[in-house]
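Heads up: the structure comes next, in structure tokens.
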Amino acid sequence: MSTSEQARVPGTGHEPLRTASPGGTRPTSAGSTMRLQLRGLSYAHGSTLLAPVQLKPPESPTVPATPEGGRDKIDACVQPLSGYQEEATFTEAIQCLNGVGADVSDALFDKSLTPQQRLALRPLLDEVGRRIAIAEQGLADFRDREGGPQASNVTRILALAFGENTVGMHLRPRAREGIRGSNAMRLAAATAAYGATKVFDRWALGSFASNWLDEIFADVRGEAAPPVGETSPEQGGPLLRNEQVHERDPNSQYVYRGGSATDQNLTPRAPQDLTGDKRGLSTFSSPEQVEKNGFKKAQEIDVGRLGDELDAIPNGSGPNDSHVSIRPDNDVKLLDWANSRASGGHTYTAAVRRAILRETKLPIEQPR
Amino acid sequence: MAIQATPRHLVPANKDDLSAVEELRLHIQQFGFDLQVVSVLPQLLSWIVDLHWPVASELAHTLRGAGEILVEPLREILQSSDAGAQFAIITVLVRRLNNETISALLPALCRVALTLDEEGASEAASELIGSLVARSTDF
């Protein structure tokens with residue numbers, strides 16, 4: 001897929017990504033320096049004031065051409081700030097403005113100029129000074145809000161997903177709360193960006209964003225992004241949604257355990273799962289009850305495949321309670337099972353995993 | 001010197017002990033989140049870490065008004081490696097706390113959101129942060 005294809009969002013009505021200039025490039029890594037031109041984006045306080053074409057030559061016919069040339073230079077200096085800004089954009093603009101200011105200062109002492117011409121240059125110098133001050137404030141704000149290159153990239157993603165205002169809403173409250181260390185800021189920004197992936201998915205831009213975000217997360221955490229779903233269920237890894245492990249038995253009964261097929265989730269907790277009539281690994285025969293309890297996915301377990309060591313005991317408190325406990329036939333074995341939760345690998349946990357028919361999202365889908 | 005007994009009657013004895021939750025609710029109604037409740041908060045939260053347990057959602061509902069006294073015990077859970085517990089408390093309790101309490105937990109929530117897991121804790125934390133931002137009028 002080409003860059004232009006990735007940037008297009010067919011049928012969504014959303015604005016596609018746009019590059020700032022012919023020289024703009026799509027980012028390929030967390031440290032890339034892509035510059036994005038996004039309508040309405042303004043990352044630093046007062047930066048909109050830096051937008052070009054605000055200066056107009058004085059209408060006085062006595063003004064010589066020199067100030068106009070100076071204003072053109074000023075506009076050229078701040079032109080990059082009208083789009084997406086990063087630290088280098090501010091510093092380059094400030095350096096450029098300083099150069100214009102030096103030229104104007106030199107011109108003020110040019111003996112060939114008339115007093116009238118010199119007078120016409122003075123507002124120009126003031127304008128240079130004003131714009132430098134705004135750019136410096138913008139740079140300070142940028143540094144204050146951004147946590148470094150990773151956060152900068154994350155902010156770009158956020159900007160794409162939500163627009164600048166929401167980006168500011170993500171970052172500014174955290175700054176106020178005193179989370180000012182760069183690492184903390186990166187965490188906050190990356191967290192917010194992680195939420196933004198959902199928006200990207202909705203925009204059919206998931207593949208574009210997710211790889212980039214994975215790199216960012218890996219950088220933020222100082223580790224490689226862990227592969228998700230790489231291991232097989234037999235190895236103790238997660239089941240993919242709706243991956244059916246064995247055939248449905250019409251004569252068997254099924255119970256549902258909310259959450260994933262990890263060892264931890266398929267092992268009782270001590271001491272909470274060790275006492276009471278409902279002791280054991282809690283499941284429900286009604287997937288609706290699992291969903292009602294807050295789960296978005298569940299493991300569908302064939303009780304007929306639990307083996308000889310484990311029983312599935314229906315013990316709901318009433319007609320609306322479909323609770324089913326999975327437990328061994330004595331409490332010493334249950335304790336031993338629960339004590340393995342941290343380490344994993346207990347035979348009962350493996351038995352429960354083997355009995356899983358499929359993982360399904362909630363509300364439950366029709367079985368295949 | 002009289003030593004105050006641990007108010008065991010406020011803590012469920014098992015995952016189905018809804019009578020203890022009702023007793024806790026009545027106690028809070030009468031005395032508020034007093035020292036007795038504060039002293040057993042960690043134990044109470046330990047009954048919310050699995051949403052299959054009947055007491056979990058009822059307890060969460062009872063504790064929603066506790067406010068800042070929940071911050072430390074909740075932070076401990078959010079900083080643990082138990083993604084299942086994190087998913088549970090975010091789903092039924094943390095997301096229903098007031099903005100100030102959630103804000104106090106933000107750094108811990110950020111860590112959860114950045115730790116990829118299979119239980120949905122990372123997703124729940126991200127959604128919570130996003131909704132907090134959406135609710136924010138401070139812009």
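Can you name the strands (runs of 3 or more DSSP E) wholly within segment A:253-356 that have at least 3 residues being buried (at least 23 other Cβ atoms within 10 Å of the Cβ)?
A:254-258, A:281-284, A:297-302, A:323-328
When segment B:29-42 is examined, which residues are found to be surrounded by 13 or more Cβ atoms within 10 Å (Cβ to Cβ) and over 12 Å from residue B:62 (Cα atoms)? Full working, then the answer.
Going residue by residue through segment B:29-42, those that are surrounded by 13 or more Cβ atoms within 10 Å (Cβ to Cβ) are B:33, B:36-42.
If the condition is that a residue be surrounded by 13 or more Cβ atoms within 10 Å (Cβ to Cβ) and over 12 Å from residue B:62 (Cα atoms), then B:36, B:38, B:39, B:40, B:42 are the ones that fit.
Return yes or no: is residue B:83 within 9 Å of chain A (Cβ to nearest Cβ), free of Cβ contacts under 8 Å to residues at least 40 places away in the same chain and on the phi < 0 side of the Ramachandran plot?
On the way: within 9 Å of chain A (Cβ to nearest Cβ): yes; free of Cβ contacts under 8 Å to residues at least 40 places away in the same chain: yes; on the phi < 0 side of the Ramachandran plot: yes.
For residue B:83, the condition - within 9 Å of chain A (Cβ to nearest Cβ), free of Cβ contacts under 8 Å to residues at least 40 places away in the same chain and on the phi < 0 side of the Ramachandran plot - is met.
Can you give me the number of residues within segment A:334-355 that are among the charged types (D, E, K, R), under 37 Å from the mean Cα position of the chain (by Cα) and modelled with pLDDT of 95 or more?
Residues in segment A:334-355 being among the charged types (D, E, K, R), under 37 Å from the mean Cα position of the chain (by Cα) and modelled with pLDDT of 95 or more: 0 in total.
Considering each of B:125, B:83, B:113, B:108 in turn, give the residue that is surrounded by fewer than 22 Cβ atoms within 10 Å (Cβ to Cβ) and in contact with a helix residue (DSSP H, G or I) (Cβ under 8 Å, 6 or more places away or on another chain).
Exactly one residue qualifies, and that residue is B:108.
What are the pairs, 6+ residues apart or on separate chains, where a residue within segment B:8-28 that is over 15 Å from residue B:60 (Cα atoms) has its Cβ under 6 Å from a residue that is surrounded by fewer than 20 Cβ atoms within 10 Å (Cβ to Cβ)?
These pairs meet every condition: B:9/B:23; B:14/A:275; B:14/A:276.
The values are calculated or read from the model by the stated rules, or taken from the named source; none is laboratory data. A quick note: this is a predicted structure, and the numbers were derived from the prediction, not measured. Please note: Cβ atoms are built from the backbone with ideal geometry, for glycine as well, and neighbour counts cover all protein chains shown.
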